Amino acid sequence: MPQVTPEIPGLVRGLEGIIAAPTAICDLDGVNGRLAYCGYDIEDLARHSTFEEVVYLLWNGELPTREQLGTHQRALVAARAIPEPLIAAMRLYPKPAVSMAALRAAVAQLGLYDTEAEDVSAEAQRRIALRLTAQMPTIVAAYQRIQLDQPVIPPRPDLGHAANFLYMLTGEEPDPRDSRALDTTLILYAEHEMNASSFAARVAASTLSDVYSAVTAGIATIKGPLHGGAGEAVMRTLEEIGSIDNLEPFVMQALAAKRRFMGFGHRVYKSGDPRARILMSMAEEVCARHGDEKWYRLSRGLHEIVYREKRLLPNVDFYSAALLRAMGIPMELNVPIITIARIAGWTAQLFEQYADNRLFRPRAAYIGHGRREYTPLEQRNPGNSR
Ligand code: ACO
């Protein structure tokens with residue numbers, strides 16, 4: 001049952017427990033810590049699928065046959081390139097810019113180059129979703145290289161989605177084990193029911209605004225540190241802790257200062273986030289393979305102490321920080337990487353929203369002044385206005 005603030009009947013702070021829409025995409029069991037996309041357990045998808053397959057599943061409700069997957073992959077590959085004027089515009093963004101602010105601007109701008117952008121028919125939605133999913137990694141990689149004054153690297157059609165992203169970032173063909181680790185990470189982040197950014201995207205779509213606008217609302221929302229932005233904040237925390245010896249003093253000081261532990265806690269999961277469990281073992285493997293175990297060890301230590309002291313468990317953003325760091329990915333890209341995965345879930349949910357739409361328009365409980373007499377400008381003073 002939703003928690004209702006006693007003083008204001010009907011008010012549910014943070015909309016906790018409120019069911020805002022039906023969905024056939026994501027089945028999130030917060031009590032038992034289980035997650036499934038279209039009926040397939042996240043552990044099975046993480047172990048056996050590719051991101052491209054999961055995108056197909058989220059958009060179609062079924063896993064693809066080999067032939068369907070081939071067609072889908074070829075369509076994604078063909079759509080990877082981004083318009084030249086967009087690259088030129090990104091070069092003009094002020095430096096340094098926050099990577100998510102640049103992604104938000106670039107995706108909004110991408111819509112200007114899409115002649116179908118204002119079309120919200122079911123067919124156009126699917127074509128736009130495909131382009132966005134294919135092009136957002138290209139934007140993120142291109143902008144990262146622009147920031148570093150490096151030449152932009154065009155996509156390589158012979159590489160899979162994750163491998164091509166790593167290639168566009170570095171210019172080098174990645175180790176297949178790193179590509180697979182990133183691919184699995186993208187699967188784990190691809191969809192997550194009525195999280196804040198999916199809700200924001202659905203709210204925008206519920207006005208019958210276009211897909212680019214809805215996705216831009218999603219990007220603006222996932223950016224925040226209580227949502228996807230936690231990924232970067234986790235890495236900053238690990239850097240602040242610095243060494244195993246400092247773990248215990250850090251946690252004690254953080255508790256005394258009532259600081260939030262980024263990457264811990266969740267609105268829905270009460271017995272742990274299943275994605276965090278998968279990412280924990282992936283982070284261990286990737287950090288060990290790269291000979292960069294410091295971040296994994298710090299993460300494990302922090303996990304244990306925060307659980308001991310607060311009974312808080314890590315969420316999806318916790319171990320992904322160490323994993324991405326060991327792969328040499330700068331922490332500013334943690335949230336953009338979550339976003340290039342979540343575009344799959346956002347667009348799948350937008351298909352549902354447009355197909356069965358009703359405007360989101362909740363109410364607010366008014367707690368301001370009662371009705372009062374209007375004060376003419378010349379009679380106002382700081383004491384009688386607020
Ligand atoms: N660190 C310290 N205390 C916490 C944390 C945390 N990470 N999470 C919850 N709590 C405490 C709160 O202080 C609060 O305590 P109080 O009742 O004594 O005041 C209680 O638990 C409930 O906290 P709320 O913020 O009301 O819980 P909510 O369900 O709104 O929060 C959230 C969920 C925002 C994820 C929270 O756990 C948090 O801030 N975590 C850190 C940020 C983070 O990791 N976000 C990523 C989430 S996953 C994702 O979006 C991809």
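Here are 309, 332: which of them is closer than 24 Å to residue 246 by Cβ, without any contact (Cβ under 8 Å) to a residue 60 or more places away in the chain and open to solvent by 30 Å² or more (accessible area, probe 1.4 Å)?
Selected residue: 309, the only one of 309, 332 that is closer than 24 Å to residue 246 by Cβ, without any contact (Cβ under 8 Å) to a residue 60 or more places away in the chain and open to solvent by 30 Å² or more (accessible area, probe 1.4 Å).
Conditions tested, residue by residue: (1) in a helix (DSSP H, G or I); (2) assigned by TED's automatic domain parsing to the domain that holds residue 195; (3) hydroxyl-bearing (Ser, Thr, Tyr).
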position	(1), (2), (3)
309	yes, no, no
320	yes, no, yes
344	yes, yes, no
347	yes, yes, yes
350	yes, yes, no
368	no, no, no
request  = Report the residue count in segment 190-204 for those that are hydroxyl-bearing (Ser, Thr, Tyr) and either touching an Asp or Glu at 6+ places or on another chain (Cβ under 9 Å) or outside the structural domain of residue 30 (by TED's automatic domain parsing) (or both).
outcome  = 1
inquiry  = I'm checking my understanding of the structure. Among residues of segment 253-283 that are away from the ligand (no atom under 13 Å from the Cβ) and touching a Ser or Thr at 6+ places or on another chain (Cβ under 9 Å), which one is nearest to residue 28 (Cα to Cα)?
reply    = 278
ask   = Of all residues in segment 29-55, which are under 13 Å from residue 189 (Cα atoms) and surrounded by fewer than 19 Cβ atoms within 10 Å (Cβ to Cβ)?
value = 36, 43
ask   = Residues of segment 269-294 being in a loop (DSSP other than H, G, I, E, B) and open to solvent by 40 Å² or more (accessible area, probe 1.4 Å), which ones?
value = 270, 271, 290, 291, 292, 293
inquiry  = Anything in segment 19-28 that is outside any strand (DSSP E or B) and either surrounded by 11 or more Cβ atoms within 10 Å (Cβ to Cβ) or in contact with a strand residue (DSSP E or B) (Cβ under 6 Å, 6 or more places away or on another chain) (or both)? List them, or say none.
reply    = 20, 21, 23, 25
task = Restricting attention to segment 88-98, report how many residues are at pLDDT 95 or above and either surrounded by 19 or more Cβ atoms within 10 Å (Cβ to Cβ) or charged (D, E, K, R) (or both).
result = 2
note = From the option list 201, 217, 205, single residue qualifying as more than 12 Å from the ligand (Cβ to nearest atom), surrounded by fewer than 24 Cβ atoms within 10 Å (Cβ to Cβ), over 11 Å from the mean Cα position of the chain (by Cα) and modelled with pLDDT of 95 or more is 217
Residue match in segment 348-357 (condition: crowded, with 18+ Cβ neighbours inside 10 Å, over 19 Å from the mean Cα position of the chain (by Cα) and under 21 Å from residue 245 (Cα atoms)) = no
query = Which condition number does residue 344 fail, the rest of (1) open to solvent by 10 Å² or more (accessible area, probe 1.4 Å); (2) within 16 Å of the ligand (Cβ to nearest atom); (3) over 29 Å from residue 259 (Cβ atoms) being met?
reply = (1)
ask   = Looking at segment 220-252, which of the residues that are of a type in the set (S, T, N, Q) and within 13 Å of the ligand (Cβ to nearest atom) is least open to solvent (accessible area, probe 1.4 Å)?
value = 237
query = Among all residue pairs at least 6 apart or on different chains, which show Cβ distances below 9 Å where the first residue, located in segment 259-272, is assigned by TED's automatic domain parsing to the domain that holds residue 298 and the second is among the basic types (Lys, Arg) and near the ligand (Cβ under 7 Å from one of its atoms)?
reply = 261/310; 264/310; 265/310
key: Test for residue 155: is it in contact with a helix residue (DSSP H, G or I) (Cβ under 6 Å, 6 or more places away or on another chain), without any contact (Cβ under 8 Å) to a residue 12 or more places away in the chain and open to solvent by 20 Å² or more (accessible area, probe 1.4 Å)   = no
Among residues of segment 50-71, those that are touching a residue at least 60 places away in the same chain (Cβ under 8 Å) and in contact with a strand residue (DSSP E or B) (Cβ under 8 Å, 6 or more places away or on another chain), counted = 2
ask   = Looking at (1) away from the ligand (no atom under 15 Å from the Cβ); (2) in a helix (DSSP H, G or I); (3) β-branched (Val, Ile, Thr), which is the only condition residue 305 fails?
value = (1)
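The values are calculated or read from the model by the stated rules, or taken from the named source; none is laboratory data. Being a predicted model, the structure only gives us computed values, none of them experimental. All Cβ positions, even for glycine, are placed from backbone atoms using ideal geometry, and neighbour counts span all protein chains on display. SASA here: full protein model, heavy atoms, side chains in, ligands and nucleic acids out. Shrake-Rupley method; radii C 1.70, N 1.55, O 1.52, S 1.80 Å.
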